[in-house]
1. Out of Val103, Val113, which single residue is out of contact with any strand residue (DSSP E or B) (no Cβ under 6 Å at 6 or more places or on another chain), over 26 Å from Ala334 (Cβ atoms), assigned to a helix (DSSP H, G or I) and open to solvent by less than 40 Å² (accessible area, probe 1.4 Å)?
2. Among the residues of segment 122-141, write down those that are open to solvent by less than 20 Å² (accessible area, probe 1.4 Å) and either in a loop (DSSP other than H, G, I, E, B) or more than 13 Å from ligand 2 (Cβ to nearest atom) (or both).
3. Going by what's in this entry, would Ile79 be described as in a loop (DSSP other than H, G, I, E, B), of a type in the set (Val, Ile, Thr) and either surrounded by 18 or more Cβ atoms within 10 Å (Cβ to Cβ) or at pLDDT 95 or above (or both)?
4. Looking at (1) within 16 Å of Ile263 (Cβ to Cβ); (2) outside any helix (DSSP H, G or I); (3) within 13 Å of ligand 1 (Cβ to nearest atom), which is the one condition that is false for Phe197?
5. If we keep just the residues of segment 257-291 that are farther than 23 Å from His351 by Cα, touching a residue at least 12 places away in the same chain (Cβ under 8 Å) and part of a strand (DSSP E or B), which is farthest from ligand 1 (Cβ to nearest atom)?
6. Considering only residues that are free of Cβ contacts under 8 Å to residues at least 40 places away in the same chain and within 19 Å of the chain's Cα centre (by Cα), look in segment 37-55 and name the one that is nearest to ligand 1 (Cβ to nearest atom).
Amino acid sequence: MHNLIVVTGGAGFIGSNFILQRMRDESASIVNFDKLTYAGNPHNLESIADNPRYHFVQGDIIDRELVRKTLARHQPRAIVHFAAESHVDRSIRGPEDFIHTNVNGTFALLEEVRAYWSSLGEPDRARFRFLHVSTDEVYGSLGPNDPPFSETTAYAPNSPYAASKAASDHLVRAYHHTYGLPTLTTNCSNNYGPFQFPEKLMPLLILNAQQGKPLPVYGDGKNVRDWLYVEDHCEAIAAVLAQGKPGETYNIGGSNEKPNIEIVYRICDLLDEISPAKGVSRRELITFVKDRPGHDRRYAIDARKIERELQWKPKETFDTGLRKTVRWYLENEAWVRDVTSGSYREWIATHYSG
Ligand code: NAD
Ligand code: TYD
């Protein structure tokens, strides 16, 4: 069996970073299976579009026939499943797409992968892996003095997004337990870095601050997230794929807990340093807005299992990662222009009006 991986959702933020990183290995071939929703952007992968080791299939993971044909044609040794609806605020306004892709889509994909895997002969069958990329949001919200989420923390998802991801995690677990499918699940904290769609906090702040627009902070700005640079997440996924034990889950995080308001201050100050705006401080743009309904107060990840068992550790500190990220958005104006046209504007106008 050759070294080919099918990646679902590879035109999104983390998936495209993962593909670009993995393609640096000359022996790797990747098939990217992506529906290209508003969050999927083929421009992210322009640099490898003509590489014969890269192949793109536009499709919905719920389309079982297309998934079946793709698996039969490319004979992957692994699936890395990123495809999802991923924005909490959108899940509050319209949960249906989240059930479609995250729950029913993951189920359809699992069924087709199970059939494909069952048809493999040994040793390919033993070597095969299905890696499911999930989130720390499935664990719910922490109090200020609670220990961080570990792999044994009980699930308590609070948003429709988190509930749909929790459901998919349970399906993956059941497919290992019942059918023996060699699954791996990763639950990661908030990512930041290049190619993140600017509806999420960090790129939204960078672009608004750069354009002199208000910086919307939900509630009191004291909600805490645990931030990880996207390339560190991708390396963790690669480590789990290579050495993780089937049936296991691995929590991934950067031990970088920060209240939102601190993120806002850091971005303002960095932009004032790198790209000063004629005597005014970006901090003047900070605007407290109505809180997100059911807004989880604190997330934090205990990543000791992956550090201990797979020798993974993040390479970037929060300072180096944030600097790289801010610079990337400043240097990639064409990318920004492209993604902030059309439907993006509608979302911003509807979500932040009043
Ligand atoms: P994203 O929204 O940027 O990208 C999702 C991608 O999936 C897009 O390319 C989209 O076109 C594709 N997609 C959506 N529905 C599809 C369908 N039905 N069939 C095929 N493709 C479909 O998401 P992201 O931030 O890159 O997150 C990727 C994964 O990582 C998700 O599963 C998410 O839950 C998980 N995750 C994200 C974070 C984070 O901070 N962004 C943290 C932890 C885990
Ligand atoms: P987000 O990037 O949507 O990730 P998640 O909700 O999955 O953690 O939001 C990160 C944090 O930033 C979260 O606490 C909500 C907050 N936030 C704001 O304060 N203002 C905003 O405009 C957005 C999009 C998020």
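The values are calculated or read from the model by the stated rules, or taken from the named source; none is laboratory data. Note that this is a predicted model, so its numbers are computed, not measured. Ideal geometry is used to build each Cβ from the backbone, glycine not excepted, and the neighbour counts take in all protein chains shown. The protein model used for the area step is the full one, side chains on, heavy atoms only, and it has no ligands, DNA or RNA in it. Shrake-Rupley method; radii C 1.70, N 1.55, O 1.52, S 1.80 Å.
1. Working: Val113 fails: out of contact with any strand residue (DSSP E or B) (no Cβ under 6 Å at 6 or more places or on another chain).
None of the others qualify; the one that does is Val103.
2. Within segment 122-141, Phe128, Phe130, Leu131, His132, Val133, Gly140 qualify.
3. Working: in a loop (DSSP other than H, G, I, E, B): no; of a type in the set (Val, Ile, Thr): yes; either surrounded by 18 or more Cβ atoms within 10 Å (Cβ to Cβ) or at pLDDT 95 or above (or both): yes.
Answer is no for this residue.
4. Unmet for Phe197, out of (1) within 16 Å of Ile263 (Cβ to Cβ); (2) outside any helix (DSSP H, G or I); (3) within 13 Å of ligand 1 (Cβ to nearest atom): (1).
5. Ala277
6. Taking segment 37-55 and keeping what is free of Cβ contacts under 8 Å to residues at least 40 places away in the same chain, we get 40, 42, 45-55.
In the following step, the residues that additionally are within 19 Å of the chain's Cα centre (by Cα) were identified as 40, 42, 45.
Numbers: Gly40: 3, Pro42: 9, Leu45: 10 Å.
This residue is Gly40.
Yes or no, residue by residue, for (1) hydrophobic (A, V, I, L, M, F, W, C); (2) open to solvent by less than 40 Å² (accessible area, probe 1.4 Å):
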| position | (1), (2) |
| --- | --- |
| Ile306 | yes, yes |
| Lys313 | no, no |
| Lys324 | no, no |
| Asn332 | no, no |
| Gly342 | no, no |
| Ile348 | yes, no |
| Ser353 | no, no |
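Condition check ((1) surrounded by fewer than 18 Cβ atoms within 10 Å (Cβ to Cβ); (2) touching a His at 6+ places or on another chain (Cβ under 6 Å); (3) charged (D, E, K, R); (4) closer than 19 Å to His87 by Cα) across all residues:
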position: Ile5; (1), (2), (3), (4): no, no, no, no
position: Gly10; (1), (2), (3), (4): no, no, no, yes
position: Ser27; (1), (2), (3), (4): yes, no, no, no
position: Leu71; (1), (2), (3), (4): no, no, no, no
